[in-house]
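Here the structure comes first, spelled out in structure tokens, and everything after it is commentary.
The values are calculated or read from the model by the stated rules, or taken from the named source; none is laboratory data. All of these numbers come straight from a predicted model, not from anything done at the bench. Here Cβ is always computed from backbone atoms with ideal geometry, including for glycine, and neighbour counts include all displayed protein chains. Just so you know, the surface numbers come from the protein's heavy atoms only, side chains and all, with ligands and any DNA or RNA stripped out. Shrake-Rupley method; radii C 1.70, N 1.55, O 1.52, S 1.80 Å.
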Amino acid sequence: MPNSLVESVTIRSQIDEQFRRAGYGWTVIIDRIETFQVAPRWLLVRIETDDGAIGWGEASLEGHAESVQGAIDGYTDLLLGQDATRIEHLWQQMTRAGFYRGGPVFGSAVSGIDHALWDLKGKVLGVPVHELLGGPVRDKVRVYGWIGGDDPSDVAAAIETQLATGLTAVKMNASGATEHLGSLAETTAILDRAGAAREVLGASGDFAIDFHGRISPGYARRLLPLLEEFHPLFVEEPVVPEMGLEVWEQVVASTAVPIATGERLYSRWDAMPVLRAGISVLQPDLAHAGGISETRRIATLAETYGVAIAPHCPLGPLALAAALQVDFASPNFLIQEQSLGIHYNAGSAELTDYLLDVSVFTFADGYIHRPTGPGLGVQIDEAEVRRAAQSPHRWRTPTWNRVDGSLAEW
Ligand SMILES: [Mg+2]
């Protein structure tokens, strides 16, 4: 933002130049939409206007990149030739004009396009997106890292590694595949992991537990109260999100542990039942829930229930950049997930691989400081993205089974 008259005049002249080049007053016309399926499991979106303005977004839907690519291809007919600066109008058209709407595939397609339009508009105007959302409400954003993979062991050593990178909070899965009602041995293993985490972190660090919906409601009611003594920051997706209001109410009522969910909810309407059930933390995914436009609204809806947001983001740099823009503009923000060092990236590609300047995601004492670059605040290494997209990933979610061979939630 301008902090002097000179800077203000400079930015104003840059804006005037953009619009002169555009030749349409405030209009810039969408001329080209491209998608890039890149390692480890991401789908990036690039939008270019007829005057050469460029915006980037991320539509990664883990395990379903091809489906989202198809949905974006379908939206191309709607978007080409339209004014790129009318973000909300285009969001409404994508989500409502096609008659069929909602769900993860459409939600992720709209998200990637929405990010790119906000990025493009911010760059045309020379301001970060959070300035367009009302300006920053905080100076820095607390982040957490993942430990331990899908079925964690050696929790203490893994936490030490994350603390050494400058983080103060971590998240882990606490179980592998679970039976409908976990045995005492399974329960003990989960409690041991929680206990090990608390011991390493002491009283001031935080850990959260993600169950990926692996726990049945009945087992959750037995297990969650036993976790209370370890004071987890929150427990995430103890049961699958589609369980509905009554089940979520029972789970929330069974324990003092704050309950979180949201990565598999794709709109304000999807979020309503769990908010009404009394969850403590809502975790919209910026790459699944209709992008910056809808997540901003979901955050405000959560605020009316006294619920904080902790955006889900085990994904790539543009999803994280978009999440940070909402975090800096949202009063009811708790903590941000990020994927540096996550098990999905290992041996494939890292969060910072497609960035020209990686310093934007530097942690200091557990926080990322406010990005001041225009748009999403990151600069994409386009040559590297185009090179990587020549070898598209085929990432798929693992299939897990219970002891008897029946399917278990992963
Ligand atoms: Mg999760």
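Brief remarks on what is shown
- Space enclosed by the convex hull of the alpha-carbon atoms of the stretch 275-349, per residue, Å³: 89 Å³
- Accessible area of the chain divided out per residue, in Å², using a probe of 1.4 angstrom: 40 Å²
- Modelled this way, with points 7 Å down the Cα-to-C-beta line, the labels at Gln390 and Glu229 are 5.9 nm from one another.
- The stretch 29-133: relative contact order in percent, alpha carbon pairs under 8 Å with at least 6 residues between: 32 percent
- Degrees separating the helix 184-201 axis from the principal Cα axis of the chain, which is the longest one: 60 degrees
- Applying 0.36 nm per residue to the separation of Leu78 and Ala189 and subtracting their alpha-carbon distance, the gain on full extension is 34.8 nm.
- Rounded to the nearest 20 debye, the dipole magnitude of the chain is 600 debye, with +1 charges on Lys and Arg beta carbons, -1 on Asp and Glu beta carbons, and the Cα centre as origin.
- Kirkwood Rh in Å, taken over all unlike Cα pairs in the stretch 186-227: 11.3 Å
- In the chain, helical runs assigned H by DSSP with n ≥ 4 each contribute -39500 (n - 2.57); averaged across all residues and rounded to the nearest 500, the mean residue ellipticity at 222 nm is -12000 deg cm²/dmol.
- Per principal axis, descending, Cα span of the stretch 88-211 in whole Å: 54, 38, 19
- Only Cα sites of the stretch 202-284 enter the Debye sum here, all with the same form factor; the resulting log10 I(q)/I(0) across q = 0.14, 0.26 1/Å is -0.41, -1.34, listed in q order.
- A simple spin-label model places pseudo-atoms 7 Å from Cα toward Cβ; at His180 and Arg276 they are separated by 2.8 nm.
- The alpha carbons of the stretch 284-410 stretch over 49, 43, 30 Å along the principal axes, in descending order.
- Calculated P(r) tail over 19 Å for the stretch 344-410, as whole % of Cα pairs: 56 percent
- Per residue convex hull volume, Cα atoms of the chain, in Å³: 139 Å³
- P(r) tail, the stretch 193-340: Cα-Cα pairs separated by more than 18 Å, 54% of all pairs.
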